[in-house]
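Since the structure comes first, as C-alpha cells, the remarks are kept for the end.
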Amino acid sequence: MAVQTAPRTEADQDAPEPTRALPVPLGEPIRTEQEEAQRRSLRDRLARSVDAASRPPYAVVAHVRLVLAMLLSALCLLTAAGSLLLLMAWRQERTSGLLASQTERLWDVWDYLANIERYVALAAAPVAVVWFAVAALNVCRSTGRRRNPIVAALSVAVAVGGTWFVGRELVGPGLDERDWVGIVGGIALQAVFLALPLLAFERLADAAEARHRPGRVAFVMSLGFVVVLQVSGALSTIDRTTELSGWGREGALVLIAALIQILAALAFTEAGRALEEGTQHRYELRHRFGESVLTQVGL
C-alpha cells in the first residue's frame with residue numbers, strides 16, 4: 001500500500017533548510033556545513049597572509065656582495081702596490097739615488113695602476129647600487145615592512161656623485177688656495193652625502209633586526225679614506241706633475257690610505273653579511289610562526 005505525503009505549503013517552502021552535520025572521523029568534533037565553510041575561509045585567509053609575509057629572500061644578493069667584495073679587495077691591493085712602489089723608490093734614493101729614467105719608469109707604472117684603480121672603482125659603484133636595491137627588496141619580502149629599493153639604491157648613487165662633485169669644486173680648489181674654511185666645509189658636506197647610504201642601511205637593519213655597528217664603521221672608514229685621499233694624496237690623486245717632498249713620506253701616507261681602505265672594505269662586507277643574515281633569520285621566524293598558526297587552526 002503506497003504512503004501518501006502531504007504537499008508542502010508556502011510557509012514550509014519559505015522556511016530555511018535544516019543544517020546537516022557532515023560525516024567526520026571518530027574522535028573529531030561534529031561540524032555543520034556553515035561551520036565548515038567558515039573554517040575553510042579562515043584557513044584560506046591565513047594561508048594567503050602567511051605566504052605574503054614569509055616570502056624567501058633572493059639568494060642572488062650574496063653573489064652580488066661577493067662581486068663587490070672582490071672589487072673592493074682589488075682596490076686595496078692596487079693602493080698597497082702604489083705605496084710599495086713609493087717605498088721602494090725611497091729606499092733606492094737613500095742607497096744609490098734615482099736616475100731620470102728610473103723616475104720616468106716609476107711614474108709610468110704609477111699611472112698604469114691609477115688608471116686600473118679608476119676603472120675598478122667605476123665598476124664597484126653600480127655593483128653597490130644593485131646590492132642595496134636587492135637587499136631592500138629582500139627585507140620587504142621577508143619582513144613584510146615597506147622599504148623602497150629605489151630609494152636605497154639612489155642613496156648610494158647620490159653619495160658617490162655628491163662626494164666626487166664636492167671634492168672637485170670645493171675641497172680641491174681649497175687645497176690649492178689654502179682656504180681652510182672651504183676645505184672644512186667641503187669635508188662636512190661630503191660627510192652628509194656619505195651619511196645617506198648609512199641612513200638607508202639603518203632603516204633596513206631596523207626592519208631585519210640586523211646589527212648596526214658594521215654599517216657605522218663602514219661610514220667612518222669611508223669618510224676617513226676620502227679625507228686622506230684629498231688631503232694627503234693616494235693612488236688616484238698623486239700624478240707625475242706633483243713635486244714630492246720625500247718618497248718615504250708619500251709612501252707612508254699612501255700606505256695609511258691603503259690600511260684605511262682595507263678596514264672600509266672589511267666593514268662593508270661585514271655590514272652586508274649582517275643584513276643578509278638578519279633578513280634570512282626574520283624570514284625563517286615568520287615562516288615557522290605562520291606554519292604553527294595554520295597547524296593550530298586544523299591544517
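No lab work stands behind these numbers, since they all come straight from the coordinates. All of these numbers come straight from a predicted model, not from anything done at the bench. Cβ sites come from the backbone with ideal geometry, for glycine too, and all protein chains shown count toward neighbours.
Tabulated results
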{"item": "Anisotropy class of the stretch 55-291 from Cα gyration tensor, a/c 1.5 cut", "result": "prolate"}
{"item": "Surrounding net charge for residue 248, when Lys and Arg each add one and Asp and Glu each subtract one, Cβ distance under 13 Å", "result": "+1"}
{"item": "Modelled label reach - residue 125, point 7 Å along Cα→Cβ, the stretch 179-209 residues with backbone N closer than 14 Å", "result": "194"}
{"item": "Sites matching trypsin sites (Lys or Arg not before Pro) across the stretch 195-263 that sit in DSSP coil, with at most 13 neighbouring C-beta atoms within 10 Å", "result": "240"}
{"item": "Cα gyration tensor, the stretch 167-212 - rounded (a/c under 1.5), prolate or oblate", "result": "prolate"}
{"item": "Of the trypsin sites (Lys or Arg not before Pro) in the stretch 114-157, those whose Cβ has at most 14 other Cβ within 10 Å and which sit in DSSP loop", "result": "145, 146"}
{"item": "Shape call, the stretch 97-163: gyration tensor on alpha carbons, a/c limit 1.5", "result": "prolate"}
{"item": "Relative exposure of 101, 155, 236, judged by other C-beta atoms within 10 Å (fewest first)", "result": "101, 236, 155"}
